[in-house]
Amino acid sequence: MTFGEQPAYLRVASDLREKIANGSLPPHTRLPSQARIREEYGVSDTVALEARKVLMAEGLVEGRSGSGTYVRERPVPRRIARSGYRPASGASPFRQEQAAEGARGTWESSSEQEPASGEVAERLGIEPGERVMRTRYVYRDGGEPMMVATSWEPLAVTGRTPVMLPEEGPLGGCGVVERMAAIDVVVDNVVEEVGARPGLAEELLALGGVPGHVVMVVERTYYASGRAVETADVVVPADRYRLSYHLPVR
């Protein structure tokens, strides 16, 4: 193979991808069979199979049991705004955005105490095994799952206080900033790191994705005078949403 030449399976996948993009293979159309790909492109069964695997990994096609492989309908990505951490109304950022856009947002949550894992402990600046409150969320827009999140708060900060359970009590459902302020903890900084990876099985199950789908992951940590008071992973389907940041100019 000469320098710059693509392997055969990638060339086949590229041509099929272009047909999907230009509408020659519209959504819900059955992808050419392995035998047809082999004949049309003059490649082996192995090459045809690998090309189909590439398209499946990219989320362009999906297998249907007993029926074949079909072109997936590509959703128009929607925007999820992330515009700072100081809530004007006391609501969490998700609730503010849903209210501003008149969206039909709902969410489910469950909280449980657990010992901090090594990774969570490092992010919170505590010792592994220290107790934290873990809260898991599923956010929906019009009934459709749009993101999942898991947050951890050190019980050394919130334990035995009215805000120990993020979604219960007098400030249940408020943002981290207001909840912490209620116990005289002033949040003055937040750090977000955004990355992408294949979704975990339980994430894709909750989000309605298929194996191989890519998700964006926002690792967010709130600080008060340099001390981490909450850290969270926010997971968003990369094919359905875009993160839009609105940052103030100082």
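The values are calculated or read from the model by the stated rules, or taken from the named source; none is laboratory data. None of the values given here were measured: they were computed from a predicted structure. Neighbour counts run over all protein chains shown; Cβ positions are idealised from the backbone, glycine included. To get the accessible areas, we keep the full protein, side chains included, count just its heavy atoms, and leave off ligands, DNA and RNA. Shrake-Rupley method; radii C 1.70, N 1.55, O 1.52, S 1.80 Å.
Condition check ((1) under 22 Å from residue 126 (Cβ atoms); (2) in contact with a helix residue (DSSP H, G or I) (Cβ under 9 Å, 6 or more places away or on another chain); (3) not basic (Lys, Arg)) across all residues:
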{"residue": "163", "(1), (2), (3)": "yes, yes, yes"}
{"residue": "190", "(1), (2), (3)": "yes, yes, yes"}
{"residue": "216", "(1), (2), (3)": "no, no, yes"}
{"residue": "227", "(1), (2), (3)": "yes, yes, no"}
{"residue": "238", "(1), (2), (3)": "no, no, yes"}
Suppose we keep only residues that are over 22 Å from residue 225 (Cα atoms) and acidic (Asp, Glu) within the stretch 127-174. Which one would you say is least open to solvent (accessible area, probe 1.4 Å)? 141
Expected single match for at pLDDT 85 or above and within 30 Å of residue 245 (Cα to Cα) among 57, 81, 51, 21 is 21
Taking into account only those residues within the stretch 1-14 that are among the aliphatic types (A, V, I, L, M) and in a helix (DSSP H, G or I), which is most open to solvent (accessible area, probe 1.4 Å)? 10
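Criterion first (open to solvent by less than 30 Å² (accessible area, probe 1.4 Å), over 11 Å from residue 229 (Cβ atoms) and in contact with an Asp or Glu (Cβ under 9 Å, 6 or more places away or on another chain)) does residue 199 satisfy it?
Judged against the criteria, residue 199 is not a match.
Here are some residues: 249, 177, 191. Which one is over 30 Å from residue 60 (Cα atoms) and buried (at least 20 other Cβ atoms within 10 Å of the Cβ)?
The match here is 177.
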Determine which member of the set 124, 155 is within 23 Å of the chain's Cα centre (by Cα) and more than 17 Å from residue 202 (Cβ to Cβ). 124
Quickly run through the stretch 20-32 and pick out the residues that are touching a strand residue (DSSP E or B) at 6+ places or on another chain (Cβ under 7 Å) and either under 15 Å from residue 212 (Cα atoms) or surrounded by 14 or more Cβ atoms within 10 Å (Cβ to Cβ) (or both). 20, 25, 29, 31
Could you say which residue among 38, 17, 52 is touching a strand residue (DSSP E or B) at 6+ places or on another chain (Cβ under 7 Å) and either closer than 22 Å to residue 238 by Cα or assigned to a helix (DSSP H, G or I) (or both)? 52
Is there any pair linking a residue in the stretch 104-115 that is open to solvent by 50 Å² or more (accessible area, probe 1.4 Å) to one that is of a type in the set (Phe, Trp, Tyr) and at pLDDT 95 or above, with Cβ under 6 Å and at least six apart or on different chains, and which? 107/137; 109/137
